[in-house]
Amino acid sequence: MTVTRNRKVTANKKSLIIGVLPKAVAVVGATASGKTALAVALAKEFGGEIVSADSRQLYRGTAICTDIPSGKWKSYNNHRRRAYVVEDVAHYLLGSESPGHPLTLVEYQRRAEWRLKEISSRGRLPILVGGTGLYIRAVIDNFTGPEVAPNHDFRNRLEKHSTAKLYGRLFKVDPDYAGRISSNNRRYIVRALEVQQVTGKPFSKQQGQGRPQFEWLQLGTDRPRNELYRRIDARVDWMADHGLVEEAQRMFRRYGLDSRIATSLGYAQLAGVFSENCSPEEAFRLI
């Protein structure tokens with residue numbers, strides 16, 4: 001595994017004061033590249049605690065599909081602080097949220113920033129780790145955006161259109177933002193179209209950076225492509241052997257095939273099995 005470094009203060013003209021901001025580490029990289037192992041090793045060596053920046057590992061009941069590491073929930077400080085502990089390292093925003101109430105990007109950003117500051121306030125090293133680039137960037141760059149209330153009438157009108165059609169529409173009015181998000185992320189697509197509809201301006205033009213909150217050391221994990229594919233294949237085999245189908249079935253029964261959690265890689269492919277559009281073997285091949 002190769003680790004690359006980028007040490008910087010994420011700043012703008014408002015603040016370029018180095019040495020005043022608390023220090024934090026961000027570990028980023030592709031799926032199965034070794035992010036979690038590196039983050040845990042750093043936490044053990046430097047007295048750190050980990051905040052997850054994975055948009056799927058946020059949710060309870062998804063441990064197999066999202067490859068949440070094996071650990072236990074523990075309480076600290078007379079039960080005032082609760083964390084998911086992996087190899088004696090505290091993790092936050094990991095399996096903590098209900099799939100029935102998915103977080104917005106802003107909600108995630110606020111929770112992550114609060115936890116990072118709380119960790120730092122105790123003299124511990126905050127470590128942000130995950131594969132969701134937009135979540136990482138929102139925290140590191142301290143995203144600011146338009147305060148536009150949800151327009152339920154507009155959202156209801158979009159319901160009849162496929163995600164692919166809505167993404168094509170977004171690409172026409174805001175190609176910059178469309179290029180930064182997944183074409184399957186219906187929630188982000190709808191929100192961007194909603195903001196553009198209300199304000200008359202592209203969503204990407206209304207995003208900015210707030211005052212920096214931390215001095216970041218960014219570490220990126222990388223592996224040769226053939227090795228990465230072997231690790232991903234091994235992970236999929238493990239998921240199949242440890243009950244991914246049963247976990248997906250529980251999710252679909254409780255939250256529905258059209259829920260946000262059902263669009264996660266792994267669940268999305270297995271949805272075809274339960275709707276009888278493909279076989280389990282074909283679903284796992286697609287994963």
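The values are calculated or read from the model by the stated rules, or taken from the named source; none is laboratory data. Values in this document were obtained by computation on a predicted structure and should not be read as measured data. We place every Cβ from the backbone using ideal geometry, glycine too, and count neighbours over all the protein chains shown.
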Open item on the list: Can you find a residue that is in contact with a Lys or Arg (Cβ under 6 Å, 6 or more places away or on another chain), at pLDDT 90 or above and either hydroxyl-bearing (Ser, Thr, Tyr) or at negative phi (or both) anywhere in the range 230-241?
Closed with: no
- [ ] Could you list, in sequence order, all residues of the range 90-136 that are under 22 Å from Ala43 (Cβ atoms) and assigned to a loop (DSSP other than H, G, I, E, B)?
- [x] Leu93, Leu94, Gly95, Ser96, Arg122, Gly123, Arg124, Gly131, Thr132
Open item on the list: Filter the range 256-271 down to the residues that are without any contact (Cβ under 8 Å) to a residue 12 or more places away in the chain and touching a helix residue (DSSP H, G or I) at 6+ places or on another chain (Cβ under 8 Å) and list them by number.
Closed with: Gly256, Ala262
TODO: Check Arg260, Arg231, Arg235 and return the single one that is closer than 22 Å to His101 by Cα and not assigned by TED's automatic domain parsing to the domain that holds Leu103.
DONE: Arg260
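How about the range 161-180: which of its residues are within 18 Å of Arg260 (Cβ to Cβ) and not in a helix (DSSP H, G or I)? Spell out how you get there, then give the answer.
If we filter the range 161-180 for residues that are within 18 Å of Arg260 (Cβ to Cβ), which is where we start, we get 161-164, 166-167, 170.
Answer for the range 161-180, where residues must be within 18 Å of Arg260 (Cβ to Cβ) and not in a helix (DSSP H, G or I): His161, Ser162.
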TODO: Quick one: in the range 75-94, of everything that is at pLDDT below 90 and either among the small types (Gly, Ala, Ser) or out of contact with any Ser or Thr (no Cβ under 6 Å at 6 or more places or on another chain) (or both), which residue is nearest to Asn185 (Cα to Cα)?
DONE: Arg81
Open item on the list: Among the numbered criteria (1) under 20 Å from the mean Cα position of the chain (by Cα); (2) part of a helix (DSSP H, G or I); (3) in contact (Cβ under 8 Å) with a residue 40 or more places away in the chain, which one does Val190 miss?
Closed with: (3)
TODO: Confirm whether Arg191 is surrounded by fewer than 18 Cβ atoms within 10 Å (Cβ to Cβ) and charged (D, E, K, R).
DONE: no
Open item on the list: When the residues of the range 235-285 are narrowed to those that are farther than 10 Å from Ile64 by Cα and aromatic (Phe, Trp, Tyr), which ends up surrounded by the fewest Cβ atoms within 10 Å (Cβ to Cβ)?
Closed with: Phe274
Open item on the list: Could you check the range 231-270 and list, in sequence order, the residues that are closer than 20 Å to Tyr188 by Cβ, of a type in the set (A, V, I, L, M, F, W, C) and in a helix (DSSP H, G or I)?
Closed with: Ile261, Ala262, Ala268
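Which members of the range 39-70 meet the condition of being aromatic (Phe, Trp, Tyr), surrounded by fewer than 23 Cβ atoms within 10 Å (Cβ to Cβ) and within 21 Å of Trp238 (Cβ to Cβ)?
We begin by selecting, within the range 39-70, every residue aromatic (Phe, Trp, Tyr); these are 46, 59.
Those still in the list that are surrounded by fewer than 23 Cβ atoms within 10 Å (Cβ to Cβ) too: 46.
Of everything in the range 39-70, nothing turns out to be aromatic (Phe, Trp, Tyr), surrounded by fewer than 23 Cβ atoms within 10 Å (Cβ to Cβ) and within 21 Å of Trp238 (Cβ to Cβ).
Could you tell me how many of the residues in the range 272-287 are touching a residue at least 24 places away in the same chain (Cβ under 8 Å) and closer than 21 Å to Ser183 by Cβ? Working first, answer last.
Filtering the range 272-287 for residues touching a residue at least 24 places away in the same chain (Cβ under 8 Å) gives 273-274, 280, 284, 287.
Now restrict to residues that are closer than 21 Å to Ser183 by Cβ: 287.
Number of matching residues: 1.
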